[in-house]
Amino acid sequence: MFKPQFTSTSPVGIFDSGVGGLTVMHSVSQLMPNENIIYLGDNARLPYGTKSKETVISYSIECLKFLLKKKVKIVIVACNTASSYALPFISRLTKIPVIGVIEPGANAAVSNTSNNHIGIIGTAGTVRSGSYARKIKRKLPEAKIYSKACSLFVQIAEDGWADNKIAKLTAKEYLTPLRESRIDTLIMGCTHYPILKKTISNVMGKKITLIDPGIETAKYARAILQKKNLLNKSKKKGYRKFYVTDTPNNFHVVAERFLEEKITQVNKIKIS
Ligand code: DGL
């Protein structure tokens, strides 16, 4: 057990396997601009999506420990794969709230569906874990779930190809079976997929609602902080601090595109 040491001005901690979690940070930042935020991207060990449950759990424990040393008041596991595999384990290691993206995303899908047919796209790990399906079924036992791993979307998003012909072709290939199912709601169950929202929506059609778990998680985080009286009351914009376990050359370019904000300093650290 790690002893909690925080106040309402303590930072919100967010971790992900790399740069993708910045889409979740974007939602948190939009909803709670005055919160201080510490972001950790474990990009030396990216991707998590293809790794085993045991490996993702051990990486996630190290990410959690790093954020706890920074005295954060809440930890948001932005990575869908880490949320799927590791959240039940790591949330027991501390008294501060540790939340993932699965439950908020699943709840939003359940609230949205009218015909109980819900689609899930994510990494191989997220799909294999059955995490979204489990949460959905708990609330809506009669739900019919259709899932598909869309691994190439991660690289396409990072390469800035979100709207080009390769993205369109890839989306068509992955998503046609889902489009032909009866789903009315599709969870974009990977940090990178909201970058491809337009392309995904073009394939799926306007009638299908796309759920961004990052947006739902930001709302959930705010509700928890509010309940615990831990919202930062400051009127000023909070600080943002970035930590990564590796610094690829194009990190800033991709990061700023995902976050939609300028990033000044990124600190390289060792956590393992
Ligand atoms: N962040 C991961 C997720 O949301 C995608 C990238 C990876 O596989 O590490 O599952």
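Values in this text are rule-based calculations from the coordinates and carry no lab data. All values derive from a computational prediction rather than experimental measurement. All Cβ positions, even for glycine, are placed from backbone atoms using ideal geometry, and neighbour counts span all protein chains on display.
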(request) Would you kindly work out the equivalent ellipsoid of the chain from its C-alpha gyration tensor and give its semi-axes, the square roots of five times the eigenvalues, largest first in whole Å? (result) 29, 21, 18
(message) Between the stretch 177-220 and the stretch 50-79, what is the separation of their alpha carbon centroids in Å?
(response) 25 Å
(request) Please list the non-local residues whose amide H lies under 5 Å from the amide H of ARG240, H modeled 1.01 Å from N, same-chain partners needing a gap of 5 or more. (result) ILE37
(message) I need the shape label for the stretch 151-272. Rule: rounded when a/c is under 1.5, else prolate if a/b > b/c, else oblate, with a, b, c from the alpha carbon gyration tensor.
(response) oblate
(request) Per residue of the stretch 263-272, in order, report the coupling 6.51 cos²θ - 1.76 cosθ + 1.60 (Karplus, θ = phi - 60°) as ³J(HN,Hα) in whole Hz, putting x for Gly and Pro. (result) 10, 8, 10, 10, 9, 8, 9, 10, 10, 10
(message) Could you give the length gained by full extension between THR55 and ASP159, i.e. 0.36 nm per residue of separation minus their alpha carbon distance, to one decimal place?
(response) 34.8 nm
(request) Let me have the relative contact order for the stretch 1-150, percent, based on Cα pairs under 8 Å that are six or more residues apart. (result) 25 percent
(message) Relative contact order for the stretch 134-272: what percent, with Cα pairs under 8 Å and sequence separation of 6 or more?
(response) 19 percent
(request) Mind sorting TYR48, TYR193 by how few other Cβ atoms lie within 10 Å of their own Cβ, fewest first? (result) TYR48, TYR193
(message) Can you compute the modelled spin-label distance between LYS70 and LYS270, with each label point 7 Å from Cα toward Cβ, in nm?
(response) 2.0 nm
(request) Return a whole-number percent for the relative contact order of the chain, with Cα pairs under 8 Å and 6 or more residues apart as the contact set. (result) 27 percent
(request) Could you line up THR199, THR247, THR81 from fewest to most neighbouring Cβ atoms inside 10 Å? (result) THR247, THR199, THR81
(message) Below 20 Å, Cα to Cα, which aspartates and glutamates can LYS268 reach? Residues fewer than 8 away in the same chain don't count.
(response) ASP16, ASP42, GLU62, GLU158, ASP246, GLU256
(message) Just to check I understand the Karplus step: with θ = phi - 60° and J = 6.51 cos²θ - 1.76 cosθ + 1.60, what whole-Hz values come out for the stretch 237-242, glycine and proline as x?
(response) 5, x, 7, 10, 10, 10
